Amino acid sequence: MIEPSEVLDALASVRDPELDTSIVELGFVTACWLDHKRTAHVRLRLPTYFCAPNFAYLMVSDAHDAVAGVDGIEAVDISLEDHFAADEINVGVAARAGFVASFDGLAEHDLGELRRTFLRKAALAAQDRVVRPLMTAGLRPGELATLTLADLPPSADRDRLRSRREELGLPAGDDDPVLIRLDGGPVNDTDVPVHLRRARTVRVSMDANSDVCRQLLAERYPSATQLHPR
């Protein structure tokens, strides 16, 4: 028997592409239930009525794919609510039409490159997350340049760094450097300070935007900020 928690676990793997944070953690999933036909029903919301439709489409489409992959699910009903482009997104995702066809005459490009752009930012921010404590502990640029992924203590941040690199096809093995450029090349010790300043800027921006989204969502739905599985 399928449990709603299995669907929620699948949804937790779906991320806001700009924030690199789970849509469940962000509070974007408002309801999740299963009916007697083993159809999974999911309702999503976003912080504002005018959140970018390309980001919204990615999240709704990814949520559909994640839930459809749960063993035993026969059908998926995903709906974005309270959004200016909800009709186009919901119909397009249900038909598996793609972004361009869903916004016929308004969109020129599908979203693969946009997804990769934000993945690159996530991979860069993840380097700052794992390296910042080591810098605080006193490691110098030359030492940071020689660190491998195996040298890092186990943590959620290390797992995130490895995962984002794998998604991009970048080096992610134990013997690969912690610090790499986004083309996969290593960072020389003389370039470490500039590289880490850029990584920190990206990470701080992502964290700040995440805080803003949480606040806007709480303001928009002051009495319904918790997920309500049925």
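The values are calculated or read from the model by the stated rules, or taken from the named source; none is laboratory data. The shown structure was predicted, so the numbers you read here are calculated from the model rather than taken from an experiment. Note that we place each Cβ from the backbone using ideal geometry, even for glycine, and neighbour counts take in every protein chain shown.
Looking for something touching an Asp or Glu at 6+ places or on another chain (Cβ under 8 Å) and more than 21 Å from Leu139 (Cβ to Cβ) - is there at least one such residue anywhere in segment 182-193? Checked against the condition, which is being touching an Asp or Glu at 6+ places or on another chain (Cβ under 8 Å) and more than 21 Å from Leu139 (Cβ to Cβ), segment 182-193 yields no hits at all.
Among the residues of segment 157-168, are any more than 23 Å from the chain's Cα centre (by Cα) and either modelled with pLDDT of 95 or more or part of a loop (DSSP other than H, G, I, E, B) (or both)?
There is no residue in segment 157-168 that is more than 23 Å from the chain's Cα centre (by Cα) and either modelled with pLDDT of 95 or more or part of a loop (DSSP other than H, G, I, E, B) (or both).
Restricting attention to segment 95-130 and to residues that are in a helix (DSSP H, G or I) and over 21 Å from the mean Cα position of the chain (by Cα), the residue that is surrounded by the most Cβ atoms within 10 Å (Cβ to Cβ) turns out to be Ser102. No other residue among Asp65, Asp77, Asp20, Asp82 is modelled with pLDDT of 95 or more, surrounded by fewer than 20 Cβ atoms within 10 Å (Cβ to Cβ), on the phi > 0 side of the Ramachandran plot and not basic (Lys, Arg) apart from Asp82. For Ser163, are the conditions met, namely being of a type in the set (Ser, Thr, Tyr), crowded, with 18+ Cβ neighbours inside 10 Å and within 30 Å of Val76 (Cβ to Cβ)? So Ser163 fails the test. Within the set Leu149, Leu144, Leu134, the sole residue that is within 26 Å of Pro17 (Cα to Cα) and either crowded, with 17+ Cβ neighbours inside 10 Å or not β-branched (Val, Ile, Thr) (or both) turns out to be Leu149. Among the residues here, Ala145 qualifies as closer than 12 Å to Val192 by Cβ and assigned by TED's automatic domain parsing to the domain that holds Asp189. One residue alone among Pro154, Pro222, Pro193 is surrounded by fewer than 17 Cβ atoms within 10 Å (Cβ to Cβ), within 27 Å of Pro47 (Cβ to Cβ) and either in contact (Cβ under 8 Å) with a residue 60 or more places away in the chain or not assigned by TED's automatic domain parsing to the domain that holds Asp16 (or both), and that residue is Pro222.
Residue-level check: of (1) under 19 Å from Arg214 (Cα atoms); (2) surrounded by 18 or more Cβ atoms within 10 Å (Cβ to Cβ), Ala31 misses just (2).
Evaluate the following for His36: is it exposed (fewer than 14 other Cβ atoms within 10 Å of the Cβ), free of Cβ contacts under 8 Å to residues at least 40 places away in the same chain and out of contact with any Cys (no Cβ under 8 Å at 6 or more places or on another chain)? Criteria met by His36.
Condition check ((1) touching a residue at least 12 places away in the same chain (Cβ under 8 Å); (2) closer than 12 Å to Ala126 by Cβ) across all residues:
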{"residue": "Ser163", "(1), (2)": "no, yes"}
{"residue": "Leu170", "(1), (2)": "yes, yes"}
{"residue": "Asp176", "(1), (2)": "yes, no"}
{"residue": "Asp189", "(1), (2)": "yes, no"}
{"residue": "Ala199", "(1), (2)": "yes, yes"}
{"residue": "Arg203", "(1), (2)": "yes, yes"}
{"residue": "Ala208", "(1), (2)": "no, no"}
{"residue": "Cys213", "(1), (2)": "yes, no"}
